[in-house]
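Engineer: Below are the structure tokens for one structure; questions will follow.
Here, each number is a calculation from the coordinates, and none is a lab measurement. If you're wondering where the values come from, they're calculated on a predicted model, not measured in any experiment. With ideal geometry, Cβ positions are generated from the backbone for all residues, glycine too; neighbour counts draw on all protein chains shown.
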Amino acid sequence: MERIYLDNASTTTLSPEVLNAMMPALTSVYGNSASIHSFGREASNLIDQSRDTIAKTINAKSNEIYFTSSGSEANSMAIIGIANANRSRGNHIITSKIEHESVLNACKYLEKNGFQVTYLDVDSNGLINFTELLHAINANTILISIMSANNELGTIQFIKAIAQTAREKNIIFHTDAVQLYGHMDIDVVDMGIDVMTISGHKINGPKGSAVLYVNNNVKIDPIIFGGNQERNKRGGTCNTAGIVGLAKACEIAMRDMKSNNHKLRLLSEYFVSKLTSEIDHVIINANTRQKLPQIISATFVGVDGESLVTKLDINGVAVSTGSACTSNSLTVSHVMKAIGLSNDNARSTIRISLGKNNSYEELDNAIAIIKKSVSELREYSSTYGAKIRKRKGDRDV
Amino acid sequence: MYNNIIMNIFSNPKNSGRISKPDGIFDMYNADQTAHVEFSLRIDSGIIMQCKFRAQANPYIIAVCSKITEVVTGRMANMLFIDSLSVKKALEDESDIDIEFCLDCLKGAVRDYQEKLAKNNA
């Protein structure tokens, strides 16, 4: 059975170029970069070069790049590390309701430790409201954290404007750019971004490698303690191969950004057009130009998202649920809730995320399988096209 | 994520759909409205001759519903007792997911049958 991977917002394939770049660090350069001997220095040199490469892609200084093991770790370090280091200035943080769980859960942790957090609403496309942001700022606000592009919708926030607002108010601004980096030029100086998260495996780099950019003027405490690695901000032996791979992935992402974006836009337009014309009652969420085209949030009315994802998987197509249900918890995605979807539609939503390696033929095959799977599930759907009799009275769906 | 029993039932659920002109039918959401199920029954001389389900729910709930339709067929409608543990045991599942609402829905379909019967007898 041919397998079709349409879950590129979750993770991407490792680029052969990246793997080649990593090979020395996986074989001959095995020293600990913190060691003073030549083996260690070789590793340290590779890490320094990687730091330089990544810094250049966002117009940052090399010593503003901190390597972490994941985007989640970088986000946690940003939120908790900044909050702790700046507590004397205030205890209020602003974020949005559609952030990644690593940001939301870090905020919840801080709330239990004396911080106050404002969670901004978003509109039906997933964009925050500037007036609401301005109203939320108070004298105790020390940090604003808004993701650059949402992982379930693809919606791109107006980051430069938010960053400038934060700077005018002397508030630190962090953005989780895990989904956006590699798809849009990001100049942290020009945009006024103080802290930013980047992850390797979203851009065809290795898993276990990520970056937290921290402007030298920002005070941040470590959340992982160990030796003096990463200038005392992040303890633990550096993942030399992962870091080298991440740098190579960043380099390639910048080099190929224009052509990749062009291809992804064409693929996405083709896919959405065909999907909506061939299957009845499909709603495309966040149907706006202010988004990453390759992330498609689609609601199939009357179909359970998790059942659809499972059925597609059985037939070789890999996508993910927009409504992140698991077998152990019947819950609805916080993002779908935040954009105002009804429970019915939220749990009927899946995320299809295209990648640069997808072909039109794959998309055609995937649509045929989606069409068949949706049809099969709708055959015994208790809500599709039917009047639902609830315990209290009747209503139309 | 799901064990093989659940995946096999989900891939080929038994008794899916709705019985035309059912003797008893009921549908309902679970408490947080993340799953919706419907059971329809054909009952003859008080015995459940056929039970079908429809659902907008995840594979686990679909497997639960399918299993319930098999378990109840041939049993007396008025003396129906199925506990969630026995269904979970049949699916070899140890998750703490709440399936009581599926059983409540089945009871609703039986109640619907009983109400219709009482009306006809009146």
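Engineer: Based only on Cα atoms, what Rg/Rh ratio does the range A:84-197 have, Rh being taken as Kirkwood's radius?
Structural biologist: Numbers: Rg = 13.2 Å, Rh = 14.1 Å.
The Rg/Rh ratio comes out at 0.93.
Engineer: Using Cα-Cα distances under 8 Å and only pairs 6 or more residues apart, what relative contact order does chain A have, in percent? Please report the intermediate quantities before stating the final value.
Structural biologist: Details: 804 pairs, mean separation 83.8, N = 397.
So the answer I get is 21 percent.
Engineer: To continue, here is another question. Name the long-range amide H neighbours of residue A:296: under 5 Å, sequence gap of 5 or more, or other chain; modelled H, no Pro or chain starts.
Structural biologist: It is A:352, A:353, A:354, by chain and number.
Engineer: If you don't mind, there's one more thing I want to ask. What value, in deg cm²/dmol to 500, does the helix sum -39500 (n - 2.57) over DSSP H runs of n ≥ 4 give at 222 nm once divided by the residues of the protein assembly as shown? Don't skip to the answer; put the middle values down first.
Structural biologist: Working: 18 runs with 206 residues, N = 519.
That calculation yields -12000 deg cm²/dmol at 222 nm.
Engineer: Evaluate the distance, in nm, between pseudo-label points positioned 7 Å from the Cα of residue A:379 and of residue A:265 along their respective Cα→Cβ axes.
Structural biologist: 4.1
Engineer: With a cut-off of 18 Å, note down the residues of the range B:5-33 whose backbone N falls inside the zone around a label point 7 Å from the Cα of residue A:372 toward its beta carbon.
Structural biologist: Backbone N within reach: B:8, B:10-13.
Engineer: Still on this structure, I have one more. Based on the Cβ-Cβ distance from residue B:98 to residue A:167, what FRET efficiency comes out when R0 is 35 Å, to the nearest 0.05? Display every interim value, and only then the final one.
Structural biologist: Details: r = 48 Å, r/R0 = 1.38.
Plugging the Cβ-Cβ distance into 1/(1 + (r/R0)^6) gives 0.10.
Engineer: Could you calculate the FRET efficiency of residue A:37 with residue A:228 from 1/(1 + (r/R0)^6), where r is the beta carbon distance between them and R0 is 22 Å, rounded to 0.05?
Structural biologist: Values: r = 17 Å, r/R0 = 0.77.
Once the sixth-power term is evaluated, E becomes 0.85.
Engineer: Here is a follow-up. Quick check for you: which residues of the range A:131-174 have the amide N under 15 Å from the point 7 Å beyond the Cα of residue A:101 toward its beta carbon?
Structural biologist: Zone members listed by number: A:151-152.
Engineer: Can you list the HN-Hα couplings for the range A:364-378, worked out from phi with the Karplus curve (6.51, -1.76, 1.60; θ = phi - 60°), rounded to whole Hz and with x for Gly and Pro?
Structural biologist: 4, 5, 4, 5, 4, 5, 4, 4, 5, 5, 4, 4, 5, 6, 5
Engineer: How high is the relative contact order of the range B:4-121, in percent, counting Cα pairs under 8 Å that sit 6 or more residues apart?
Structural biologist: Details: 196 pairs, mean separation 36.4, N = 118.
Once divided by the residue count of the range B:4-121, the mean separation gives 31 percent.
Engineer: Also, I was wondering about something else. From the mean inverse distance of alpha carbon pairs (Kirkwood) and the Cα radius of gyration, derive Rg over Rh for the range A:16-253.
Structural biologist: Working: Rg = 17.6 Å, Rh = 18.0 Å.
Taking Rg over the Kirkwood Rh, I get 0.98.
Engineer: Continuing with this model, one more query. Note the direction-averaged projected area, equal to a quarter of the hull surface, for the Cα convex hull of the range A:241-314, in nm². The partial results should precede the final answer.
Structural biologist: Details: hull surface 29.1 nm².
Convex hull of Cα atoms, orientation-averaged projection: 7.3 nm².
Engineer: How large is the convex hull of the C-alpha atoms of the protein assembly as shown per residue, in Å³?
Structural biologist: Numbers: hull volume 87.5 nm³, N = 519.
Dividing the Cα hull volume of the protein assembly as shown by its residues yields 169 Å³.
Engineer: Turning to a different aspect of this structure: Convert 20 °C to kelvin, take the viscosity as 1.002 mPa s, use the Kirkwood radius over C-alpha pairs of the range A:218-269 as Rh, and evaluate the Stokes-Einstein diffusion coefficient in µm²/s, rounded to a whole number.
Structural biologist: Details: Rh = 13.9 Å.
Once the numbers are plugged in, D ends up at 154 µm²/s.
Engineer: Calculate, in nm to one decimal, what residue A:357 and residue A:131 gain on full extension: separation in residues at 0.36 nm each, minus their alpha carbon distance. If you can, show how the numbers build up before the last one.
Structural biologist: Values: separation 226, 0.36 × 226 = 81.36 nm, distance 4.04 nm.
Full-extension gain reported as 77.3 nm.
Engineer: Long-range amide H contacts for residue A:145: which residues qualify at under 5 Å (H placed 1.01 Å from N, peptide plane, sequence gap of 5 or more or a different chain)?
Structural biologist: Residues meeting the amide H criterion: A:94, A:95, A:174.
Engineer: Given a Förster radius of 41 Å and the C-beta distance between residue B:107 and residue A:284 as r, what FRET efficiency does 1/(1 + (r/R0)^6) yield to the nearest 0.05?
Structural biologist: Values: r = 39 Å, r/R0 = 0.96.
Efficiency at R0 = 41 Å is approximately 0.55.
Engineer: Here is a follow-up. What list of ³J(HN,Hα) values in whole Hz, one per residue of the range B:105-115 in order, does the Karplus curve 6.51 cos²θ - 1.76 cosθ + 1.60 (θ = phi - 60°) give from phi, with Gly and Pro shown as x?
Structural biologist: Working through the residues one at a time gives 5, 4, 4, x, 5, 5, 4, 4, 4, 5, 5 Hz.
Engineer: Something else: In whole Hz and in residue order, list the ³J(HN,Hα) couplings for the range B:45-61 that follow from phi through the Karplus curve 6.51 cos²θ - 1.76 cosθ + 1.60, θ = phi - 60°; x for Gly and Pro.
Structural biologist: Couplings: 6, x, 9, 6, 8, 8, 9, 10, 10, 10, 7, 10, 7, 6, x, 5, 5 Hz.
Engineer: Right, here's the next one. Consider just the alpha-carbon atoms of the range B:4-121 and return their Rg together with their Dmax, both in angstrom.
Structural biologist: 13.6, 46
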